[in-house]
Amino acid sequence: MQSYFKFEFLHFFFNKKNIAVYVILLFFSCYYAMVVAPSYDPIEKVDKLEMEARYLTREDFLNSVNTERMHPSTAYAVMTYPEWNEYEKGRLDALEEHDFKKYAEATSKWYTYSDGMIYKGGDFLFYHPRYYTYGNNYAREDGHFAYLSAASRYEGYAEGDYALSIDVFEERTALQTWQRLLQSYLPFILIVSCILLSADIVLKDRRNPTLLRGFPMSPWRRLLVKGGVALFGSILAFIPLAAGLLIIGARNGFGSLDLPVPIYSHVDKSFSLISLSEFMLQNMALIILWFVLIISLLLLTSILIRNEFANLFIGFAVVIGEFTYYTRGIGFIREVQWYPTSYIQVGQVISGYRNYVYESNALTLGNGATVLSACVCIILLTVFIISNLPKFKQL
Amino acid sequence: MLPFLRGVCMRNVLKTVLMIEKSNKKNIAACIIIAVFVFGLISFITTEEKGNLIKERTGDYQSVSSALYKFQIEDASENGDGSDLYKNLVRQQRVISTQRMAARVDRPALYLETSLELADLRDAAFKMDGFQDVALYLPTKTENQLQRVYYQELVNEGKSVSQNPLSFYQFLGYLFGIIGAGWFIFVSIYSCGILIEEFQHTSLIKGYPISFGKYVLAKCSSAMLMVGIFILLLFICSLPLIYFNGLGDSSYPVAVYSGSIEVFTTIKFIGVSVLYMLLIALFAILLSIILNMLLKNMYLTMFVQLLLYISPYLFPGMMAFVPWNPINYLNFSRIFNGETLDLATPAALYMSQGLITIGVCIVIMLFIIKAFFTAGKLKRV
């Protein structure tokens with residue numbers, strides 16, 4: 001068994017296509033770090049001009065308003081602006097004094113207060129204009145989520161003992177960039193790499209069938225070894241991606257693994273904080289489970305259909321499966337938590353954002369792990385049965 | 001050998017090479033990637049509602065609102081307290097609203113008129129104090145000029161501003177407008193291992209009845225033939241659009257930077273793009289051969305090529321310093337957009353300059369390769 005593992009291992013890592021995948025990943029991670037990451041422009045950034053503009057507008061209004069016989073909305077403004085401006089002033093002053101802890105505290109309060117005003121305030125107050133894109137009927141919900149998430153994050157910064165900086169606030173440090181990417185397209189890149197790496201792991205043997213006769217192993221065990229090698233290879237895909245992380249770290253600092261990450265809970269509609277290291281570990285666990293699922297699926301299609309392009313097609317179908325049924329709020333009427341494809345956006349599942357957009361409270365790490373492992377078990381069982389059929393003894 | 005016989009031989013080699021290429025999985029995969037790209041682009045245009053003027057103007061409106069978010073709300077009238085830039089932005093916002101209204105009630109003349117007014121307003125804004133703070137939300141100077149020229153041409157030609165983006169020519173115009181960003185990467189990944197087997201096992205080719213130089217030429221021609229097929233495939237995959245959405249307007253204007261801001265017809269734009277693509281493909285293939293010789297490793301070849309490709313992004317200052325560097329022109333979409341004019345150190349890279357530079361480099365590389373093979377170094381490889 002060991003020698004066969006070694007044999008497969010060497011085959012895997014001297015496979016031209018696989019090395020090419022690693023090289024391309026390395027290139028894109030460097031490209032991302034050097035060209036894309038510096039132009040990251042978050043909506044909720046530390047922008048002095050915006051704060052000043054809001055502050056001065058409200059201050060001017062308060063100074064010049066005639067408080068006799070007011071229109072109800074004027075009265076509302078007169079009532080709410082002083083507190084709002086107090087927080088805004090706090091943020092501006094803290095920024096002036098470079099007191100980041102104070103800034104975090106004031107900002108957290110500002111976000112909580114703003115969200116309370118805007119979300120419940122009816123149709124005359126708005127979130128940042130960049131949420132209101134064309135055709136986005138959920139701009140208000142997006143703003144609500146972003147504001148509450150920022151409030152919780154800044155609260156974490158204010159309470160803990162971290163080395164704060166503007167890069168940390170805007171989530172530009174290396175580890176935070178990694179965390180942001182896990183919540184956007186990094187899971188796709190990793191899973192697609194896994195598909196590309198393992199698409200030919202079984203079918204390559206058809207080129208030299210005699211070579212394998214020498215190994216006294218059953219097809220099932222052989223498949224298991226192949227799966228193991230592919231899993232190991234897919235996990236190694238993290239290494240070229242880490243190169244980009246080093247470049248970002250050298251530029252914007254690495255951040256700390258203790259930094260807080262806000263997690264949304266749909267049950268009580270609020271955020272709680274976990275540390276970045278915990279967030280990463282949960283993500284890694286789910287991603288590795290995805291790798292196992294994809295690899296076992298590809299093993300199954302390899303012995304059933306026996307065509308590399310069919311493997312790729314089925315792999316990609318799983319990756320984009322969620323788009324076929326995803327609609328905002330669909331979780332309210334459909335049991336999306338039982339579809340494995342609902343968990344493909346690993347970071348968003350763990351941060352609770354998927355629950356928010358699906359309006360479901362069942363898309364959790366635990367459910368994800370259960371559903372994915374169940375799929376893996378079913379697929380592997382099928383592979384086991386098929387590989388033990390006399391017809392398939394010769395792979 | 002008689003010249004005639006030599007010709008037959010060459011043809012045979014090319015035939016053999018092509019036969020090998022035909023069953024090469026890489027070619028099939030590349031063709032599939034191209035087809036997926038074209039169909040993906042079609043679905044992207046559909047889902048993103050490209051060509052929906054109301055959507056585009058709403059995006060503009062939103063950007064200006066974001067810019068205005070940085071200003072205290074003040075009196076924006078002619079004699080008001082607001083700064084010049086603030087007044088300008090408020091007027092931009094108003095003009096965009098008019099545009100949006102004109103698109104909604106289908107008044108093309110009004111739409112074009114307000115578009116030109118907007119371009120003028122934006123042109124004035126570049127010189128105002130504090131522009132840098134909001135530059136992120138507004139088009140750059142070159143983008144604005146391109147827009148202006150495009151609208152002016154529409155007014156002159158009496159053409160309609162709304163075109164179906166999925167009609168054949170309009171789609172191809174869009175496709176060739178963005179393909180320049182990835183074409184070199186695609187060809188270099190495709191060709192990075194072109195001669196690696198031969199360099200690793202020289203005995204393989206010593207058995208061939210022709211010189212190695214000829215063999216390389218045959219390999220190169222077959223690769224170029226494949227590139228031709230890839231480009232053809234782009235057109236073929238777009239053909240269904242004729243049936244569904246019609247041919248479109250082949251003389252519809254496309255604003256490009258070619259040394260000055262000017263207007264090409266769509267068909268001319270496609271022609272120039274294809275020419276660029278062919279030259280860049282040849283450049284990439286020859287570069288692959290040279291790097292294969294030097295590095296003897298396919299992955300290093302690919303990596304070096306990709307690094308060369310992004311070097312202008314990493315060192316933007318170099319572009320103005322060495323405008324005759326062919327690497328600057330590999331992303332030709334960027335040249336057509338005039339993007340390099342808006343960098344911190346503006347570089348005026350012309351379209352024709354790029355063609356000449358890449359052409360000259362191809363000739364130089366051919367000489368290098370020829371010199372290498374005639375110097376008998378191969379025996380020592």
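Read-outs throughout are calculated quantities, based only on the coordinates presented, and are distinct from any laboratory measurement. Being a predicted model, the structure only gives us computed values, none of them experimental. Positions of Cβ are backbone-derived with ideal geometry, glycine not excepted, and every protein chain shown enters the neighbour counts.
Given a Förster distance of 30 angstrom, what is the FRET efficiency for B:SER221 paired with B:TRP324, based on the Cβ-Cβ distance and rounded to 0.05? Walk me through the intermediate numbers first.
Details: r = 28 Å, r/R0 = 0.93.
Rounded to the nearest 0.05, the efficiency is 0.60.
Calculated FRET efficiency, A:LYS391 and A:TRP338, Cβ-Cβ r, R0 30 Å, to nearest 0.05?
On the way: r = 33 Å, r/R0 = 1.11.
Given R0 = 30 Å and the Cβ-Cβ separation, E is 0.35.
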Provide the packing ranking of B:149-162, A:333-346, i.e. peptides ordered by the mean count of other C-beta atoms within 10 Å per residue, highest first.
-> A:333-346, B:149-162
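If you restrict to DSSP beta bridges whose two residues both lie in the protein assembly as shown, what percentage is antiparallel, to the nearest 5? Walk me through the numbers before you get to the answer.
On the way: 11 of 11 bridges.
So the antiparallel bridges in the protein assembly as shown amount to around 100 percent.
Between A:PHE14 and A:SER272, how high is the FRET efficiency from 1/(1 + (r/R0)^6) when r is the Cβ-Cβ distance and R₀ = 56 Å? Nearest 0.05.
On the way: r = 47 Å, r/R0 = 0.84.
Once rounded, the FRET efficiency stands at 0.75.
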Could you give the size of the charge dipole of the range A:162-310 about its Cα centre, using +1 on the Cβ of each K and R and -1 on the Cβ of each D and E, expressed in debye and rounded to the nearest 20?
-> 900
For chain B, find the longest principal axis of its Cα atoms and tell me its angle to the long axis of helix B:3-22, 0 to 90°, nearest 10.
-> 60
When the charge dipole of the range B:167-287 is computed with +1 at the Cβ of Lys and Arg and -1 at the Cβ of Asp and Glu, the Cα pointing farthest to the positive end, of B:VAL256, B:ILE178, B:VAL274, is that of B:VAL274
Arranged from highest to lowest average of other beta-carbon atoms within 10 Å per residue, in what order do the peptides B:360-367, A:171-178 appear?
-> A:171-178, B:360-367
Roughly what would the spin-label model give for A:ALA243 and B:LEU366, points 7 Å off Cα along C-beta, in nm?
-> 3.4
Please give the peptides A:247-257, B:119-129, A:116-126, A:18-28 ranked by average Cβ packing (other Cβ atoms within 10 Å per residue), highest first, as a rough proxy for protection.
-> A:18-28, A:247-257, B:119-129, A:116-126
Log10 I(q)/I(0) at q = 0.13, 0.21, 0.23 Å⁻¹ for the range A:254-349, from Debye over equal alpha-carbon scatterers, is -0.63, -1.12, -1.20
Chain A, helix-only ellipticity at 222 nm - DSSP H runs n ≥ 4, -39,500 (n - 2.57), divided by all residues, nearest 500 | -21500 deg cm²/dmol
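Per the Kirkwood formula on distinct C-alpha pairs, the Rh of chain A is how many angstrom? Present the calculation step by step, with values, prior to reporting the outcome.
Details: mean 1/r = 0.0418 Å⁻¹.
Over chain A, the inverse of the mean reciprocal pair distance is 23.9 Å.
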So, in Å, what gap is there between the alpha-carbon centers of the range A:139-218 and the range B:291-306?
-> 29
Cβ neighbours within 10 Å from other chains - mean over B:304-316 | 2
Positive dipole terminus of the range B:53-157, leading residue within B:PRO108, B:GLN92, B:TYR69 (C-beta point charges) | B:PRO108
Acute angle (nearest 10 degrees) that the helix A:48-64 long axis makes with the longest principal axis of chain A, alpha-carbon atoms | 30
Length released on extending from B:SER251 to B:ASP75, taking residue separation times 0.36 nm less the Cα-Cα span | 58.8 nm
Radius of gyration and maximum dimension Dmax of the range B:53-157, Cα, Å | 13.6, 42
The simple spin-label model distance between A:MET34 and B:ASN164, using points 7 Å out along Cα→Cβ, in nm, is 4.4
With Cα springs under 10 Å, the Gaussian network model of chain A assigns the largest mean-square fluctuation among A:ASP99, A:ASP200, A:ASP60 to A:ASP60
With +1 at each Lys and Arg Cβ and -1 at each Asp and Glu Cβ, the charge dipole magnitude of chain A around its Cα centre, to the nearest 20 debye, comes out at 2800
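Taking the Cα centre as origin and putting +1 on Lys and Arg beta-carbons and -1 on Asp and Glu beta-carbons, what dipole magnitude results for the range B:53-157, to the nearest 20 debye?
Details: 13 positive and 17 negative charges, 67 e Å.
Charge dipole of the range B:53-157: 320 debye, to the nearest 20.
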What does the convex hull of the Cα atoms come to per residue for the range B:111-207, in Å³?
-> 199
Given a cut-off of 25 Å, what percent of all Cα-Cα pairs of the range A:48-169 lie beyond it?
-> 30
Taking the simple approach of a point 7 Å from Cα along Cα-to-Cβ for both A:ASN137 and B:LYS22, what is their distance in nm?
-> 5.5
Can you give me the Cα centroid spacing of the range A:1-41 and the range A:260-279 in angstrom?
-> 32
Other chains near A:128-138: what is the mean number of their Cβ atoms within 10 Å of each residue's Cβ?
-> 4
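Calculate the mean, over all residues of peptide B:69-75, of how many other protein chain Cβ atoms lie within 10 angstrom of the residue's Cβ.
That works out to 6 on average.
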Over what distance in Å are the Cα centres of the range A:283-358 and the range B:210-248 separated?
-> 35
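Any idea what % of Cα-Cα pairs in the protein assembly as shown are farther than 37 Å?
Values: 160378 of 300700 pairs.
Of all Cα-Cα distances in the protein assembly as shown, 53 percent exceed 37 Å.
Would you calculate a helix-derived [θ] at 222 nm for chain B, using -39,500 (n - 2.57) for each DSSP H run of n ≥ 4 and dividing by the full residue count, to the nearest 500? Write down the numbers at each step before the final one.
Values: 18 runs with 265 residues, N = 381.
After summing the helix terms and dividing by the residues of chain B, the value is -22500 deg cm²/dmol.
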